[in-house]
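The values are calculated or read from the model by the stated rules, or taken from the named source; none is laboratory data. None of the values given here were measured: they were computed from a predicted structure. Here the Cβ positions follow ideal geometry from the backbone for every residue, glycine too, while neighbour counts run over all protein chains shown.
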Amino acid sequence: MSDKDEGRRLLHIGAVAERTGLSLRTLRHYDEIGLVNPSERTEGGFRLYSDAEVERILLIRRMKPLDFTLEQMRELLDITHDVAQPDAPIEARQKLREIEAIAIERRTALENKVAMADEFLSRLQDLSSPRQDGVKPETGL
């Protein structure tokens, strides 16, 4: 780390991967496509990430289960940067609300899928458990 970095902590890509639960390959891909670029590189070429970049990566990770595309992720990262500014454009706040509505809708769909999966697992457990009264359970799944 150089003198200019003394007040700021930079993490190697391996530490970022561990902290975010993403693979090195995924982090390298995000860098290659310009989604999240490391702050610096070491003399040996290793990627170094600031806490702000790690937060961006965590935001992306949180979007993945909701099936946002890489382009939508890029758009949200830009919007979150814009709305953090004191003179944030109204359009950015409106777009953020639109993305929030999409996220809520997709989360609800995921909840419904989990509920169906739980019902299915419960049914399988009922079928695989021997009954004490000797009667075979009905076989309809």
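None of Arg107, Arg62, Arg93, Arg97 is of a type outside the set (Val, Ile, Thr) and in contact with a Leu (Cβ under 8 Å, 6 or more places away or on another chain) except Arg107. Determine, yes or no, whether Arg74 is touching a helix residue (DSSP H, G or I) at 6+ places or on another chain (Cβ under 6 Å), touching a residue at least 24 places away in the same chain (Cβ under 8 Å), surrounded by 11 or more Cβ atoms within 10 Å (Cβ to Cβ) and not assigned by TED's automatic domain parsing to the domain that holds Ala52. It is false that Arg74 is touching a helix residue (DSSP H, G or I) at 6+ places or on another chain (Cβ under 6 Å), touching a residue at least 24 places away in the same chain (Cβ under 8 Å), surrounded by 11 or more Cβ atoms within 10 Å (Cβ to Cβ) and not assigned by TED's automatic domain parsing to the domain that holds Ala52.
So that you can scan it fast, the table gives a plain yes or no per residue for (1) on the phi < 0 side of the Ramachandran plot; (2) modelled with pLDDT of 95 or more; (3) touching a Leu at 6+ places or on another chain (Cβ under 9 Å):
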site: Asp82; (1), (2), (3): yes, no, yes
site: Gln85; (1), (2), (3): yes, no, no
site: Ala101; (1), (2), (3): yes, yes, no
site: Asp118; (1), (2), (3): yes, yes, no
site: Leu121; (1), (2), (3): yes, yes, no
site: Ser129; (1), (2), (3): yes, no, no
site: Gly134; (1), (2), (3): no, no, no
site: Leu141; (1), (2), (3): yes, no, yes
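For beta carbons closer than 7 Å, sequence separation of 6+ or different chains, a first residue in the stretch 97-124 that is assigned to a helix (DSSP H, G or I) and a second that is exposed (fewer than 11 other Cβ atoms within 10 Å of the Cβ) and of a type in the set (A, V, I, L, M), the qualifying pairs are Arg123/Leu141.
For beta carbons closer than 6 Å, sequence separation of 6+ or different chains, a first residue in the stretch 41-64 that is outside the structural domain of Leu77 (by TED's automatic domain parsing) and among the aliphatic types (A, V, I, L, M) and a second that is surrounded by fewer than 18 Cβ atoms within 10 Å (Cβ to Cβ) and not in a helix (DSSP H, G or I), the qualifying pairs are Leu48/Ser39; Leu48/Glu40. Condition (residue is loosely packed, with under 15 Cβ neighbours inside 10 Å and among the hydrophobic types (A, V, I, L, M, F, W, C)) applied to the stretch 48-57: is it met by at least one residue? So far as the stretch 48-57 goes, yes, one or more of its residues are loosely packed, with under 15 Cβ neighbours inside 10 Å and among the hydrophobic types (A, V, I, L, M, F, W, C).
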